[in-house]
Every structure is written in structure tokens, then in C-alpha cells.
1. For the pair residue A:22/residue B:66, report the inter-label distance in nm, with labels modelled 7 Å from Cα in the Cβ direction.
2. Could you work out the local net charge near residue B:317, counting Lys and Arg as +1, Asp and Glu as -1, over the other residues with Cβ closer than 10 Å to its Cβ?
3. State the dimensionless ratio Rg/Rh of chain B (Rg: radius of gyration of Cα atoms; Rh: Kirkwood radius).
4. Calculate the length of the line joining the C-alpha centroid of the stretch B:37-108 to that of the stretch B:270-322, in whole Å.
5. If Rh is defined by the Kirkwood formula over all Cα pairs and Rg also comes from Cα, what ratio Rg/Rh do you get for the stretch B:203-321?
6. How far, in degrees from 0 to 90, does helix B:95-108 lean away from the longest principal axis of the Cα atoms of chain B, to the nearest 10?
7. Could I get the Rg over Rh figure for the stretch A:2-216? Both from C-alpha atoms, Rh via Kirkwood, rounded to two places.
8. Mind jotting down a quarter of the surface of the convex hull over the alpha carbons of the stretch B:4-173, in square nanometres, one decimal?
Amino acid sequence: MKVFVCLKQVPDTETKIKILPDQSGIDTAGIKWVVNPYDEFAIEEAVKFKEKNPTAQVWAITSGPKARAIESLRTALAMGADEAIVINSPDGLDALSTAQALAKTIQQEGGAHLVLTGKMAIDNSQSSVPQMVAEFLGIPHTTVVSKFEATAESFLVERDADGGTKEVIQLMSPALVAANKGLNMPRYASLPGIMKAKKKIIKEVEFSSLGITTTEQKVRYSGFALPPEKPPVKLLSGDVASQVSQLVEALRNEAKVI
Amino acid sequence: MSKFLVFTESHNGKIKRSSQELLQFAAKSGSPVVSLILDPAAEALGLEAAHHGATEVLFSKDADFESYNPEVFTTALVEAIQKSGASTVLASSSSTGKDLFPRVAARIKAGVVSDGIEIQASGDDLKVKKPFYAGKCFATATFENTAVKMVLMRPNQLPVMAGDATKTASQSELSFTKPSLKTLIKAIVKGTSEKLDLTEANIIVAGGRGLKEASNFKILNDLADVLGATVGASRAVVDAGWVGHSMQVGQTGKTVAPSLYIAVGLSGAIQHLAGMSGSKVIVAINSDPNAPIFQKATYGLVGDAFEIVPLLAAEFKKVLQH
């Protein structure tokens, strides 16, 4: 019984973004790469699933430039994943190409009982790859999941919808579940785990071997730019009552937002 | 000429403002606009969609659309796209839109862009600007190798006028074959708040560690009630368990762009600033004049939040009653 966890490597949230001179993307020099925070919840849930189901095997999988992307898999292995696969692919693939690469590789490994992912990657917030992987695997999915429970033939999950609404959903297995914050508390990798992960042989798949043609790339991004500089803040002065009335006046008659 | 399809959502028996934005945007292009309404109350909404610019309404009143099930909605939307011949398909980046569009895009092998903040359509050309790294930078998406272009737009990005009650649209019922379901909706537990979700709110009042403890969020709730605002929070106070994660604004929470964002006792970590700097007007209330939030703020009040916020609520109450 295989559980696949799909990971993405993203710049650390503290990263100050710089743009390349030709605006084709961001300058990645000096960036600290981390596992997408939502994907950590997915790894944790997979490892918890394995602890309850000893026959389960957790496979971490990622698509990206091999030399760098492999580090995210070491993190997953250190947290308790059994095996890892990197799909060596160029930077800048769109969601549809990435999802096909992940789904094809999962199929080549014999398919999954459960696929876990984060609900989105914090780099482009596209929130697309999980649903697309599920579609290409022909299995049901639920996104934004903050509660997960496995039964014999299905999964019972809770989805966080807009406005604090919770949807309780039963998914027949195999299925894909995309994690939200709150699903669990990801564990820290143990020292023995880190040592073991370092020695683990990571399976490599070339993106070019998967038969996904360039016409599968449907979306391209260009013109990367930083947000325009904001004018300096208008600090209101005087006593509290005066500051408050100045603010109300400004919001009503200057900014006209109230 | 391209034809638009707008996945039209409703709330309390009215078409959501975010869907009105898209219908009106599409109508302005002069192209035919199909409004797809999947809702047991679809009949009452069709005319409203026409008022906002739909030239055709495609609807289904099937009871299955009472709640969102990805499998049923995917089948219906794919059928609607194919039946209508639409080449540009729009929805709001709502909980439903974000879940549904990528699955449909995978089924019909279409390009999809989410979280758009600007959209330009001319002829067959479509450009969508969206934030990256929660707003630390922006880029423009273009489409290729795709007959259908799918776009999820963030709410509150496009202007909305009053609907034109003289406009009408042809209405037809969508027929589709229901798939055998592997996704079963067992229960829907409505949120306690009647307020709009943070991502759709026009005014947000957000609090951080400066509020000192969870119970002090009451002063924000009181202010929010006066303004009809939604309350948000920083990651620090969510992690501390003061409020739920659905209230978190920032790179690992929600990215928001309201007309007015009032940040109270919130210093403005880089992840938080990324998530809210798209707001039109930002008010910062903080006792520390060096807090990074002041670099993004339009108006700043340096002082004690516990003094300022209740006064502000009282002052707004006074002026809004007139």
C-alpha cells in the first residue's frame, strides 16, 4: 500500500525577492530553499498514516531541477518517508505539465492508495497541481483539509471552505487529499532520521522520458516586477481624540473608502 | 471572437459581488457572455445575471448543487464549456472556484491561472496579472496551446456598476450525465460568522500580538461590526491559538486586497505585509513608531490601541448613522 506525498521546493518566506534584469523571473541567487510549508503537513499526515498502517510505504516525490529539488526529498525522508523520487525537470513548468509528470511517475510506480499534498505552494499560490494530479490519476480529491481519518475503504476528511464553513467529506480510496494548516503539527526530523536520509538513494526520473510534449505547457509568465513604491505614511498627530477624528475625516473625504 | 463563460456564484439568494464583477467585465468586451448557474435556486438568479451583462444563461437546478462536490461540478462545467463553445472561462478565486477550475482544466487540457488581480482581453488575446510570493512581486500570464483559457480572479479587483434591469438573456437548462460518485458530502457545518470571507471583504480589521491576549480581539470585533468589516489576524496570534487559521492574513494564510485594511497592534512581519499590501488604503495603529507596518501604511496612528480602537468605533458609529 503506497502513500505518495507530492512536494514543492519554494523560497523561504523570509526571502527578499529580487527580479532578473530581463524580468523573466526572480533572481534565485542566494535564496534559501525550503519545503513548501503546506507540504510539511502532508508529509506529517503520511508518516502518521504509516504509523497506524504498518504495511504502508511513504514515497516522497517532487518535480524540479534535480540538484536543488533533491534537498526537499531529504527533508521528507528525515521526517519518516521510506522512499523518494525526483523528476528532473526544468524550472518554470506550468501546473498542467507538472501534474502530468507527477501522475505519470506515480502510475509507473504502481499507483497510490493515498496521495497527500499541500493545498497550495506559497510561491505562486496557484492551488492547481493537487486537483490536476487527482484528475490524471482518475481518483477523487479534497483540498484545504484540516482533519483526516482513514477507514478500511475510504477517508473521512474535513475541508475548510470560505467564511469558516467546514465540509465533512467521505472519499472512496484511492484518493488525493490536499492539506491545510491545522491538519497536524509537523514533526522535527530526528538526528538518526537525518543521517539515514543522507545515505538514502533517491530515485531519479527524467522529465523528458515521460512523453509530455511542449504543447502541454499552456501558461507562461513574463514581466516580473516588484510592487510600486508606496508614498510615505501620513502620521496623524495630536491627542488620541484628535488623531481619531482626523483619521475618520481622511478615510471619508480624502481616501473615500468609508 | 471569443465567447465568455462566467461560473456565477450566489450568496443569500443574490449573485455574489465577485461574480457581478466578472459578468460586467466580460460584457464590456462586447462578446457574448454565458452565465453558468449551478444552484437549486438558479431560476431566480438568471435574470439578475442578465442585468449584469449575461447574454445567455445556462443553469441547472439539480439538488446535487446544494453543496459543492468536485465530481458533479467538474462534469457540469466541462459540459457547459463544450456546449456553449466558450473560449474564456472565468470565476472568482473562491473556495469553490479554486478547487473546481484546475480539475476541469486537467480534464479538457486547458490553461488555468488563479488569483488574477488584473485582466485584459482583446480579441483572442488574454493577459492576466497575478501576485507571486503573496505579493512580493507580480507577473503577467499569457496562454498558448490551449483552446480554452481559464482564469480565477480575486474578488474586489474589477469595478461593479448597478445592474441594468432592462437587460434580458436567453435561458436554457444544462443537461449532463452524473458521474458515479467517489466523493460524498456528509455534512456542512456553517461558520459562526455571517461575515464575508477575508478574501472577499471590502474592509478588514486585523490584530496582532500588540493586543496582548485573545479576549482583547473583542475591541476589533466591535469596530468590525460598526464598519461591516471582517476580522483578520497575524500569524503570531494564530500560532498562539488566539484565533483560528481561517483568520490568518499573510503568505501562509490568506492574501487579501480590501479597500480598507486597519492593522491594530500588528508589527508587520514580511510574510504579513506580503499578504495585505495590495489593500487600497492601509491604516496602522501601533505603539511602536518603528514598526515595519508603517512603511506600507497610508495613515498611521502611534499610540495605545486599547484607547484608540474603541474611540474609533464610537466615531465611525456617529458619522455612519448620518
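No lab work stands behind these numbers, since they all come straight from the coordinates. All of these numbers come straight from a predicted model, not from anything done at the bench. Counting neighbours? That spans all protein chains shown, and the Cβs are built from the backbone with ideal geometry, glycine included.
1. Inter-label distance under the simple model: 5.7 nm.
2. Values: positive: B:318; negative: B:222, B:225, B:315.
Once positives and negatives cancel, what remains is -2.
3. Numbers: Rg = 21.0 Å, Rh = 20.9 Å.
Using Cα coordinates only, the ratio equals 1.00.
4. First find each Cα centre; the distance between them is then 39 Å.
5. On the way: Rg = 12.7 Å, Rh = 13.8 Å.
Rounded to two decimals, Rg/Rh equals 0.92.
6. So the inclination is approximately 40 degrees.
7. On the way: Rg = 16.6 Å, Rh = 17.5 Å.
Radius of gyration relative to Kirkwood radius: 0.95.
8. On the way: hull surface 36.9 nm².
Projected over every direction and averaged, the Cα hull of the stretch B:4-173 covers 9.2 nm².
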